[in-house]
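Worksheet for the structure shown next.
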Amino acid sequence: MRPSRGVPLAAATLVAAALAWPTPADATAVGGEHCARQARLHVPGAAFQQTACLPDLTTTGLAGTRYTDMADQAGLTAKATRTPSGVPGVQIDGYFPDSSHFNHTHGWQHDAQFVIRLPDHWNGGLVVTGAPGTRKQYATDTAISDQVLAEGYAYAATDKGNSGSDFYRDGTRPGDAIAEWNARTTQLTRTAKRAVAQRYGHSPRHTYMTGISNGGYLTRWQLENHPELYDGGVDWEGALWTADGPNLLTSLPTAVGRTLGSASDEDMYAVGFARGSEFLWPYHEKAYWGVTQKIYRAEFDPSYDPACPGPSAGSTTDQILSPCASDTTYHYASRPASVHRAVARVSLTGRIGRPLITLHGDLDSLLPKAADSDVYARMVDASGRGPLHRYYTIQGGTHVDGLYDTYPDRLRPILPCYRSAFDTLVSWVEKGTRPPADHAVARPAGGDVVNSCGVADPADPVR
């Protein structure tokens with residue numbers, strides 16, 4: 001539901017906030033004086049928070065503890081991904097006032113959960129993100145948090161206010177759940193800046209928005225609607241929502257049709273799926289296409305098929321993931337105006353107000369780039385904001401890096417390219433170093449493809 005505004009911490013919560021969770025035995029290595037100050041950190045507007053002074057805020061130090069959730073990160077990174085470690089600092093976990101209860105992390109049974117990490121050795125910056133897919137606040141700890149913390153940034157992530165395959169049940173109107181994603185991200189950014197000022201004595205000098213998939217959508221939306229909060233962003237294959245299409249509801253019905261035998265490969269190519277990505281389709285038939293179509297159709301068009309309202313109609317994993325036969329004939333363009341208005345509430349315009357770098361894999365088989373980032377790049381250009389945008393196609397990249405471990409001879413992880421893109425953005429914003437024009441980043445024939453990539457390397461232009 002929509003976040004409450006201006007809700008102060010109750011006295012009882014202030015007491016709870018001062019009582020940190022049990023910390024690892026060697027937490028004193030951080031320094032007693034620093035740890036003693038953690039009780040002074042209060043996230044404005046939070047209904048509940050708990051702080052901990054930790055010897056290592058990265059997943060190397062947090063794996064197996066309550067300060068991260070490795071299961072919620074599953075599949076997002078390749079197994080051989082190297083991650084930094086040894087970043088001491090303070091972690092704040094908590095939640096904002098909310099009336100929904102999809103997020104069971106920590107046993108709180110409460111949505112609008114967040115994590116804020118404040119490293120001892122701060123570089124003056126803040127990085128904000130929202131969970132990809134229907135995951136929660138720790139989902140990008142390996143993919144994003146580890147690296148930016150090692151570079152000295154403070155870090156903040158939100159569960160977007162609802163999560164899981166039934167997230168669409170949050171709210172009262174079609175589109176409410178996704179609209180809350182944007183509101184929660186804005187809320188966290190504003191409050192994280194104030195928490196940073198409490199910890200370090202001044203607000204961040206630079207704030208960056210970034211994210212994967214739905215987190216990439218959040219990045220686009222924030223830079224379009226709240227550019228005053230950020231200095232720039234990196235969009236890793238963000239989802240595209242436009243009221244008249246394309247969007248997920250214009251490409252996924254064809255994918256569902258292929259799953260159920262009523263659509264051909266040529267039909268797939270016609271809605272944007274890439275030639276050469278066919279080897280990935282069987283996996284997506286089982287894991288992505290059916291459930292993704294159902295949840296977004298239920299979010300924006302709940303009256304379409306009362307017999308199959310969404311994933312909650314299933315009682316087993318297979319039933320939840322399987323498609324509805326009615327979705328093979330779903331035709332977004334002919335749906336009622338009310339459906340298009342619901343999508344319009346969360347649609348993108350391309351009118352970014354800060355520098356943005358977009359990355360998209362050319363083998364993405366959930367959000368095909370031809371129907372997503374290619375379109376968004378044209379929207380940015382049409383709005384006159386092209387000088388603020390760079391778009392790099394990652395050859396051999398697909399929607400989740402974990403698939404590289406299954407197809408190492410055909411894919412490459414996007415994560416190292418993302419890290420390079422983030423550094424490129426920082427140089428663009430803070431040093432005025434303009435990045436190269438839009439181009440494709442070639443898949444190397446050898447070397448450590450899991451951990452190396454340079455998006456600023458010369459390559460052939462893609463547009």
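Under 9 Å between Cβ atoms, which residue pairs at least 6 apart in sequence (or on different chains) link something in the range 271-286 that is in the same structural domain as Pro311 (by TED's automatic domain parsing) and on the phi < 0 side of the Ramachandran plot with a partner that is surrounded by fewer than 18 Cβ atoms within 10 Å (Cβ to Cβ) and at pLDDT below 95?
Here the result reads Lys286/Asp318, each pair linking the range 271-286 to a residue that is surrounded by fewer than 18 Cβ atoms within 10 Å (Cβ to Cβ) and at pLDDT below 95.
Does Ser100 qualify as being within 15 Å of Ala47 (Cβ to Cβ), in the same structural domain as Arg199 (by TED's automatic domain parsing) and either part of a loop (DSSP other than H, G, I, E, B) or basic (Lys, Arg) (or both)? I'd like the intermediate steps shown before the answer.
On the way: within 15 Å of Ala47 (Cβ to Cβ): yes; in the same structural domain as Arg199 (by TED's automatic domain parsing): yes; either part of a loop (DSSP other than H, G, I, E, B) or basic (Lys, Arg) (or both): yes.
Spelling it out, Ser100 is indeed within 15 Å of Ala47 (Cβ to Cβ), in the same structural domain as Arg199 (by TED's automatic domain parsing) and either part of a loop (DSSP other than H, G, I, E, B) or basic (Lys, Arg) (or both).
Quick check on the range 278-289. Is at least one of its residues under 23 Å from Thr134 (Cα atoms), assigned to a loop (DSSP other than H, G, I, E, B) and in contact with a helix residue (DSSP H, G or I) (Cβ under 7 Å, 6 or more places away or on another chain)?
To start, the set of residues in the range 278-289 that are under 23 Å from Thr134 (Cα atoms) comprises 280-289.
Of the ones still in play, those that are also assigned to a loop (DSSP other than H, G, I, E, B) are 288.
From what is left, the residues that are in contact with a helix residue (DSSP H, G or I) (Cβ under 7 Å, 6 or more places away or on another chain) are none.
No, that holds for no residue.
Looking only at residues in the range 106-118 that are surrounded by fewer than 22 Cβ atoms within 10 Å (Cβ to Cβ) and touching a residue at least 40 places away in the same chain (Cβ under 8 Å), which one is farthest from Ala46 (Cα to Cα)? Reasoning before the result, please.
Looking only at the range 106-118, we keep the residues that are surrounded by fewer than 22 Cβ atoms within 10 Å (Cβ to Cβ), and these are 106-109.
Among the residues that remain, those that are also touching a residue at least 40 places away in the same chain (Cβ under 8 Å) are: 106, 108.
Values: His106: 16, Trp108: 14 Å.
Only one residue tops the list, namely His106.
Can you run down the residue pairs with Cβ atoms below 7 Å, 6 or more apart or on separate chains, where the first is in the range 414-435 and closer than 29 Å to Gly402 by Cβ and modelled with pLDDT of 95 or more and the partner is surrounded by 21 or more Cβ atoms within 10 Å (Cβ to Cβ) and of a type in the set (D, E, K, R)?
Hits for this filter: Ile414/Asp401; Leu415/Asp401; Pro435/Arg390.
Test Ala177 against the stated conditions and say whether it is farther than 30 Å from Val90 by Cα, crowded, with 24+ Cβ neighbours inside 10 Å and within 18 Å of the chain's Cα centre (by Cα).
Judged against the criteria, Ala177 is a match.
Any chance you could count how many residues in the range 296-332 are under 25 Å from the mean Cα position of the chain (by Cα) and among the hydrophobic types (A, V, I, L, M, F, W, C)?
Looking only at that region, the number is 4.
Has the range 152-172 got at least one residue that is under 30 Å from Asp301 (Cβ atoms), charged (D, E, K, R), surrounded by 24 or more Cβ atoms within 10 Å (Cβ to Cβ) and in contact with a Pro (Cβ under 7 Å, 6 or more places away or on another chain)?
Within the range 152-172, not a single residue is under 30 Å from Asp301 (Cβ atoms), charged (D, E, K, R), surrounded by 24 or more Cβ atoms within 10 Å (Cβ to Cβ) and in contact with a Pro (Cβ under 7 Å, 6 or more places away or on another chain).
Go over the candidates Asp305, Asp318, Asp327 one by one and state the one that is part of a helix (DSSP H, G or I) and more than 28 Å from Gly276 (Cβ to Cβ). I'd like the intermediate steps shown before the answer.
On the way: Asp305 fails: part of a helix (DSSP H, G or I); Asp327 fails: more than 28 Å from Gly276 (Cβ to Cβ).
Selected residue: Asp318, the only one of Asp305, Asp318, Asp327 that is part of a helix (DSSP H, G or I) and more than 28 Å from Gly276 (Cβ to Cβ).
The values are calculated or read from the model by the stated rules, or taken from the named source; none is laboratory data. Since this is a predicted model, take the numbers as computed values, not measurements. Virtual Cβ from ideal backbone geometry, glycine too; neighbours counted across all protein chains shown.
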